[in-house]
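Computed from the coordinates by the stated procedures, all read-outs in this text should not be read as laboratory data. All of these numbers come straight from a predicted model, not from anything done at the bench. Cβ: placed from backbone, ideal geometry, glycine included. Neighbour counts: every protein chain shown.
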Amino acid sequence: MIKAFRTAEIYRVIKRGDRTSYQFPKIHRIDHHHTYTRYAFSLLNGIDPELLTKKRWALRQVLGSNIEINGSLKNFSITVHHKSLPKRLNYSYEAIHPHIEKMALPVCIGQDIYGNPISWDFADLETLLISGEIGAGKSSLMRVILTTWVKYTSPEDLRLVLVDLKRAEMYRRGDLLLEHGVTHISRLPFKLPRIVVVVDEMSIIKRETDLVEMIQQFASQGRALGVHTIIAMQRPDADLLNSALKANLRVRISGRQADATNAKVAGVMGAEEIDAAARGRMKIKIDEVKEFQAYFLDEEACKEMLSSHKTRVKDLEPQLEVVSQPLFGLLEKEEQR
């Protein structure tokens, strides 16, 4: 570990006359496990904590590519994983169902280095940003999320808005909460379907200020109204992802980013270090950043999987306006894989 600190230049320099000495971070504990080794340490006063992020590449040169850094201010840990992520994972609804059956709006998108599912309930963490270079697997990831919802929920429980949502629906739902004196749609005396607004490649609408403002409103005010948001973009845009919108993006997923600046804008530090040849390799940030292998689902497999669901639209009640196109039509072009 000291060699890693030395290589990454994470130390304090002390000069006494002609002599120069180096003080390294203090290692408090080393936990050896058959799947990982974890080093707990504290930085000395005067050492910039950002060095751990900036010099991650140097740490990986010594410790290996499968490392995880956690902590803040002074106290940190570096976990060196002995395993590697799989190169590819094919999506199977039957395989993930046991992990999601108690969730209201489940997301299960892949596995971590130990084979544990990467999953959460979108009803609780209701906004998501997906970004990454071409070929990172964003289209496949989107198919996995939406396919799971189509198979798991009914049209009475969920509406997928893949194009646009009328602002009037937000106002209508807000008025219903006021009318019944409640703060969340789950407390209404009747059932309203959750709505997920999916915005693919948001940078295209950058100049449509009214639309951008509307999407920001979904992200900031939608939770109580049962309106959730997924935003996808290839290159994270600092102007679009302003502080107000960024603060409301509860979950962030990134494929490989071109550089550390893009990774920082996306809110997923270390995404620039993902191997370009590792298709479907991504990082997710909820509380901390975790690397995972995303499930793969191509367009043809998606069509076949959802063929039995295509007739559901005809069975919807007249008052449920159909505002979405078929799921597999959302992303017509599969990125080069």
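Rounded to the nearest 500, what is the 222 nm mean residue ellipticity of the chain from helices alone, with -39500 (n - 2.57) per DSSP H run of 4+ residues and division by all residues?
-7500 deg cm²/dmol
Dipole magnitude for the range 2-81: about 240 debye, using +1 per Lys or Arg Cβ and -1 per Asp or Glu Cβ, origin at the Cα centre. The C-alpha atoms of the range 138-280 occupy a region whose extents along the principal axes are 52, 33, 23 Å, arranged from largest to smallest. A crude spin-label estimate for the pair residue 72 and residue 90, with each label 7 Å from Cα along the Cβ direction, gives 4.3 nm. Taking each residue as 0.36 nm, the span from residue 188 to residue 35 lengthens on full extension beyond its C-alpha to C-alpha distance by 50.3 nm.
Taken about its Cα centre, the chain carries a charge dipole of about 1540 debye when Lys and Arg each add +1 at the Cβ and Asp and Glu each add -1 at the Cβ. With R₀ fixed at 25 Å, the C-beta to C-beta distance from residue 82 to residue 119 puts the FRET efficiency at about 0.55. Tell me the net charge near residue 47. Cut-off is 9 Å between Cβ atoms, residue 47 excluded, with +1 for each Lys or Arg and -1 for each Asp or Glu. Combined, the nearby Lys, Arg, Asp and Glu give +1. A Förster radius of 25 Å, combined with the Cβ-Cβ distance separating residue 204 from residue 247, puts the computed FRET efficiency at roughly 0.60. Screening the chain for whole DSSP H helices with an alpha carbon extent of at least 15 angstrom along the helix axis and a mean Kyte-Doolittle hydropathy of at least 0.0 yields 138-152, 209-225. Taking the inverse of the mean reciprocal distance over all distinct Cα pairs, the Kirkwood hydrodynamic radius of the range 2-77 comes to 13.2 Å. Straightening the chain between residue 298 and residue 259 buys 11.3 nm, computed as 0.36 nm per residue apart minus the Cα-Cα spacing.
A simple rule links phi to the HN-Hα coupling: the Karplus curve 6.51 cos²θ - 1.76 cosθ + 1.60 with θ = phi - 60°, which for the range 110-123 gives x, 9, 7, 5, 9, x, 7, x, 8, 8, 6, 9, 5, 5 Hz, with x for Gly and Pro. Across the range 67-74, coupling constants 3J(HN,Hα) worked out from phi with the 6.51/-1.76/1.60 Karplus curve, θ = phi - 60°, read 10, 9, 10, 9, x, 7, 6, 10 Hz, and Gly and Pro carry x. Short-range pairs are left out: with C-alpha atoms under 8 Å and at least six residues apart, the relative contact order of the chain is 19 percent. Candidates 251, 305, 4 compared by Cα position along the dipole of the chain: farthest toward the positive end lies 4, with charges placed on Cβ.
Provide the gained length on full extension for the span residue 103 to residue 179, in nm with one decimal, where the gain is 0.36 nm per separating residue minus the Cα-Cα distance.
Difference between extended and current length: 24.5 nm.
Over the Cα atoms of the range 99-167, the radius of gyration divided by the Kirkwood radius equals 0.98; this is the Rg/Rh ratio. With a threshold of 32 Å on the Cα-Cα distance, the over-threshold entries among 3/87; 26/264; 15/264 are 15/264. Hey, what's the Cα Rg ratio for the chain versus the globular rule of thumb, 2.2 N^0.38 Å? Here the Cα radius of gyration is 1.13 times the empirical estimate. Placing dummy labels 7 Å off each Cα toward the beta-carbon, the span from residue 211 to residue 53 is 3.2 nm.
Put in order of Cβ neighbour count within 10 Å, fewest first, the listed residues 147, 7, 229, 209 become 209, 7, 147, 229. In the elastic network of the chain, a GNM with C-alpha springs shorter than 10 Å, the most mobile of 300, 273, 156 is 300.
The modelled label-to-label distance for the pair residue 168/residue 16, using points 7 Å beyond Cα in the direction of Cβ, is 7.9 nm. Using a Gaussian network model of the chain in which every pair of alpha carbons under 10 angstrom is joined by a spring, one finds that among 21, 203, 72 the greatest mean-square fluctuation is at 21. Amide H to amide H distances under 5 Å link residue 194 with 158, 159, where only residues 5 or more positions off or on other chains count and H is placed in the peptide plane.
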